[in-house]
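Notes for the one structure printed next.
The values are calculated or read from the model by the stated rules, or taken from the named source; none is laboratory data. Source: prediction; values computed, not measured. For neighbour counting, all protein chains shown are included, and Cβ atoms are generated from backbone atoms with ideal geometry for every residue, glycine included.
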């Protein structure tokens, strides 16, 4: 590898690299070198990545225009499960592989969704605020009512992938009945976990809690809208640990203001970071966290390892382990051919 012609793995969003870190030894052993940098605009991002064979990305949009301007680009590795920030169709057209960290933060996000559900149901944050204002027992308990136990109630999971399935197991330990809606999952798969699969329009009116676990796609954008809220059981609680734009926040605000919902737990918003003032912050029965459901030392260690290994695979001329667009393998424009067998 010459200094004038480096085989680069570029992270285009943070000057010091991703939060989880990168295993530089793994990259260097595969013949690459790392470059990090914050770009103020598209032109700066292109200058940073112009020689890149692999991009490590998180929230920066990876568009057709951007990839088309990188002649050496072979692969994009996304630091997480969702690939809504990457134009996967464009990547496929250009022969560029897209990989993700498929098993990232499964326990963390399912635990966080359950934590939000408990926080809203038990009014934990509201009680904490009252205590900080000097309240205690007298008058506080009454103001926290009505409050109901979890046992015997129904959780509806919108999307039934790996995270939702872990949440289903945890929810059953609290005595919840679990329903799910997912057009890509068979009733037999759900049934094996003791979960009844229903169309969304049937799940919503049956569920005391609705927890969202779908990727952001054109089909799921504003999936939870005025029509969905109208179908929900009065006093239901909405949990979103998926993507902010899955929920129409204007419709959510209306549902809360009209008292149709008992509350909401949100780790994600339509626009991030949050802009203050935000209309949802006026509701005491809304608990928000700052898109950190995936966070744990264990999850970040796993992401660092898997991202680095997949970048190294691409540099070595191999297809990455978690290839999102496998159809690229059979296209003549594929930037990488399968390694010889045997």
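For the reader, a short list of remarks on this structure follows.
- Members of the stretch 217-257 that are touching a helix residue (DSSP H, G or I) at 6+ places or on another chain (Cβ under 6 Å) and farther than 20 Å from residue 283 by Cβ: 220, 221, 223, 231
- Of the residues screened, residue 80 is one that is assigned by TED's automatic domain parsing to the domain that holds residue 20, at positive phi and either surrounded by fewer than 20 Cβ atoms within 10 Å (Cβ to Cβ) or touching a residue at least 24 places away in the same chain (Cβ under 8 Å) (or both).
- Residue check, residue 309 in contact with a helix residue (DSSP H, G or I) (Cβ under 9 Å, 6 or more places away or on another chain), assigned to a loop (DSSP other than H, G, I, E, B) and either modelled with pLDDT of 95 or more or farther than 19 Å from residue 163 by Cα (or both): no
- Test for residue 266: is it within 18 Å of residue 148 (Cα to Cα) and touching a strand residue (DSSP E or B) at 6+ places or on another chain (Cβ under 7 Å): no
- Unique match (being on the phi > 0 side of the Ramachandran plot and loosely packed, with under 14 Cβ neighbours inside 10 Å) among 152, 159: 152
- Of the residues making up the stretch 179-221, those that are touching a residue at least 40 places away in the same chain (Cβ under 8 Å) and surrounded by fewer than 15 Cβ atoms within 10 Å (Cβ to Cβ) number 1.
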